[in-house]
Structure formats: C-alpha cells, structure tokens
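To start, the structure itself, in structure tokens.
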Amino acid sequence: MIEQRLPEAGLERVARVMLRAWVWPINLLALTYAGLPWLAPLLQSWGLHGVGALIRQLYSHLCHQLAERSFFWRGYQVCYCHRCTALYTTIALAGVCCGLIRPTRGLSNRLFALLLLPMAIDGGWHLLDDLIAAPLRSPDSSVGSLNFWLRMITGALAGLGLVLWAYPRMERLMRELDSMPLRA
C-alpha cells in the first residue's frame, strides 16, 4: 500500500511545484521572445546570415518590420519595430518583477483598457496615415523623434498594463489551486 502511494505523492509534489513556479516558464518565454530579435543582428554580424534571416522571417508575421521604425544593431536591423521593442521588453521585465514580488492585486479591467488605449489610438493613427497616404503625422520616425517616443511610450504602457492585469490574476488562480487537495 505504501509503495502504491509513493508515486502519487511524487506527482502531487511535482504538481504543487508547478503551481507555485508557473511564472518562471512564462517569463522565460517572454524573455526569449523579447531577446531573439536582438540576437538576429548579432548573428548576422558574425556571418551567420541564414540564422539571422530565419529569426527575422519568424517575426515578420507579427510585426511590419519597417526599417524606418526599427532599431539597428551592429549594422543590421532588429527583427521588430520600436513599438514592439517597447511592448515585449516591458512584458519581459515587468514579468520578472512580478515573478519576484508575486502580486495578487492587479489592474482593473477599466485601467487595463485605459493603458491599451494610447497604443490603439497612436497605432490606428499611423495605420490610417499609411493607408490613405495623408500627412496625418510627421514623416520623421528616427530615434528621438516625436513618433519614436510615441511608439515607445505607448508600447511600454500596453506591456505594463498587460502584465499588471494578467499576472496577479494568474497568481491568485495558482494559489487557489495550490490550496486545494489534489486527490479525491
């Protein structure tokens, strides 16, 4: 009887560890996703053009990758735009902070929507300007320009809002599941 219960106890321990450490695999994914676009230009500068091009191709489905709206590193374009850089870097860094602090009180739905609104307005404005080719904004997208800062700030606000809305909810859910008996 004891021998039969040992595997169950081991599985329960594994399940409990997973419930308590949920944030770290998520953060590893976020850090990887935020970091790979910077790895591509580094690899290309080392002569590994095929690998860099593959990473760039993977991200091309998720970002427009316009050169005038992107960073360059070591002479090669980073695989996503300024706004995506701010968005995903903020998600990765705020996720690590939430992993260390483990907050259980998050943003309300209304405040989360409010933090997404600037990106929706700015991004929508840029999209409209691109579609109808009207001078709705300055053509200057260089680092330090107003357009650059609007992209960076709105991306960072959206990323911060997402993490501060989602991570505490997940933390509460995992704590609730962890407090429940796993066996019937």
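The values are calculated or read from the model by the stated rules, or taken from the named source; none is laboratory data. If you're wondering where the values come from, they're calculated on a predicted model, not measured in any experiment. As a convention, Cβ positions derive from the backbone with ideal geometry for all residues, glycine included, and neighbour counts pool all protein chains shown.
Pairs are defined by a Cβ separation below 7 Å, a sequence spacing of at least 6 or placement on different chains, a first member in the stretch 32-53 that is closer than 18 Å to Cys81 by Cα, and a second member that is polar (S, T, N, Q) and at pLDDT 95 or above; the pairs so defined are Ala34/Thr89; Pro41/Gln77; Gly52/Gln44. State yes or no: is Val143 touching a strand residue (DSSP E or B) at 6+ places or on another chain (Cβ under 9 Å), on the phi < 0 side of the Ramachandran plot and of a type outside the set (Ser, Thr, Tyr)? So Val143 passes the test. Of all residues in the stretch 152-172, at least one satisfies being touching a Cys at 6+ places or on another chain (Cβ under 8 Å), buried (at least 17 other Cβ atoms within 10 Å of the Cβ), within 24 Å of Ala67 (Cβ to Cβ) and in contact (Cβ under 8 Å) with a residue 40 or more places away in the chain. The residue list Cys97, Cys79 contains one member that is surrounded by 13 or more Cβ atoms within 10 Å (Cβ to Cβ) and within 30 Å of Met174 (Cα to Cα), which is Cys97.
Restrict the check to the stretch 113-128 and report whether at least one residue is at pLDDT below 90 and either outside any helix (DSSP H, G or I) or farther than 25 Å from Thr85 by Cβ (or both). No, the conditions are met nowhere in the stretch 113-128. Taking the criterion of being among the basic types (Lys, Arg) and free of Cβ contacts under 8 Å to residues at least 24 places away in the same chain, the only residue of the stretch 54-99 that qualifies is Arg56.
Residue-wise test of (1) at pLDDT below 95; (2) more than 18 Å from the chain's Cα centre (by Cα); (3) hydrophobic (A, V, I, L, M, F, W, C).
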| position | (1), (2), (3) |
| --- | --- |
| Glu68 | yes, yes, no |
| Phe71 | no, no, yes |
| Tyr76 | no, yes, no |
| Tyr88 | no, no, no |
| Ile91 | no, no, yes |
| Gly95 | no, no, no |
| Leu100 | no, no, yes |
| Thr104 | yes, yes, no |
| Asn109 | no, yes, no |
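Give the residue that is surrounded by the most Cβ atoms within 10 Å (Cβ to Cβ), with candidates limited to residues of the stretch 39-69 that are among the small types (Gly, Ala, Ser) and in contact with a helix residue (DSSP H, G or I) (Cβ under 7 Å, 6 or more places away or on another chain). Residue satisfying both the conditions and the ranking: Ala40.
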